[in-house]
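First up is the structure itself, then whatever we jot down about it.
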Amino acid sequence: MGIKIIGTGRKMPSHVVTNTDLADFLDTSEEWIISKTGIHTRHICTDESLTDLAVSASLTALNRAGIEIEDVSMLICATTSGDYKTPSLACCVLEKLGGFCTAFDVNAACTGFIYALDVADSFIRSGKANTVLVVAAEMISRIVNWEDRTSCVLFGDGASACVVTNGNTLKYIRTMSDPQVEPLFSKTGYGNNPFIKVQHSTCNYVQMQGGQVYKFAVKTIENEIRQALRILNMKAEDVDFFMLHQANNRIIEGARNRLQLPSEKFPTNINQYGNMSAASIPVLLDEMIEDNKIKDGDVVIMIGFGAGMTAGTAAFVWEN
């Protein structure tokens, strides 16, 4: 016995930022951003907390699953940008939901949702949990440098949630890391520790080497897909959807071209939301379920990749 997803939900901040809005204070343009990223708009938090978004997404997922928070035996949040360093975003969400169960965060950057699914699968298989609420929520707007046109144009805020329980729709899951800090990182700083001998910058902005991230992502996507297909004894044409982390349209297209697969197998929503880190895959999943694009029996392979560098792959034979 493994797992299946029985309910999903999402919540975006109300404020939409266009490329033209960014061009008002950055040396950039609508054309440049679209050509480099494929992003047209992104949602940015103004007066919402990340907890607010995550709670709203969770309530939708619970409602669609037909259960109450009391039925949940574990809550896992995938995030790098919770409202507090401590307590965890998971505990903040659980408090608002009125639940009482094990709750903790997972930080695997943009791969966080796949890591959280893997943890949920392990707990359910072991019998230590029955129903797990997996939340992926990010407010990357709080850690990007809004004076750096190469990075701030990429990201958006958002949250999604999935209710996971006993089932047999997950056919394959794998998480991995290829330890590389420099391509993508955000430091936490040292506060006002008087014992630090050398003064360090307390800047916690996201810093990224775009070229290195691109090479890692495209190579990793290709390798992960080929390995999953080999283990599942499937061919690429057997897969209905490859749902990739929505980091950059050029990454998605680069991987797709290397695999020589048709674009209709690679759904995207990056044009609307930008890169929402851990939240991007489950937001896309929720949209596709809501639009009835995923049918019973469809083969769905999800692939995340992000800072660390981390990667994760999950393959489902879908059951509505």
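The values are calculated or read from the model by the stated rules, or taken from the named source; none is laboratory data. Please read all numbers here as calculations on a predicted model, not as lab measurements. FYI the Cβ positions are ideal-geometry reconstructions off the backbone, even for glycines, and counts take in every protein chain you see. With ligands, DNA and RNA removed, areas are computed over all heavy atoms of the protein, side chains included. Shrake-Rupley method; radii C 1.70, N 1.55, O 1.52, S 1.80 Å.
General observations
- Rough spin-label spacing in nm, given labels placed 7 Å along Cα→Cβ, for H15 and I196: 2.8 nm
- Taking 15 Å as the straight-line reach from the Cα of K4, the aspartates and glutamates in range (excluding those fewer than 8 positions away in the same chain) are D118, D121, D286, D296, D298, E319.
- In this structure the chain gives 45 Å² per residue of accessible area when probed at 1.4 Å with all protein chains present.
- Residue with peak Gaussian network fluctuation, the chain [Cα springs, cutoff 10 Å], from A228, A54, A90: A228
- DSSP-defined antiparallel bridges as percent of all bridges, region 1-126, nearest 5: 40 percent
- Over the chain: helical MRE at 222 nm, DSSP H runs n ≥ 4 each giving -39500 (n - 2.57), nearest 500: -9500 deg cm²/dmol
- Computed from label points 7 Å out along Cα-Cβ, the spacing between N166 and E253 is 4.8 nm.
- The chain - share of DSSP beta bridges that are antiparallel (%, nearest 5): 70 percent
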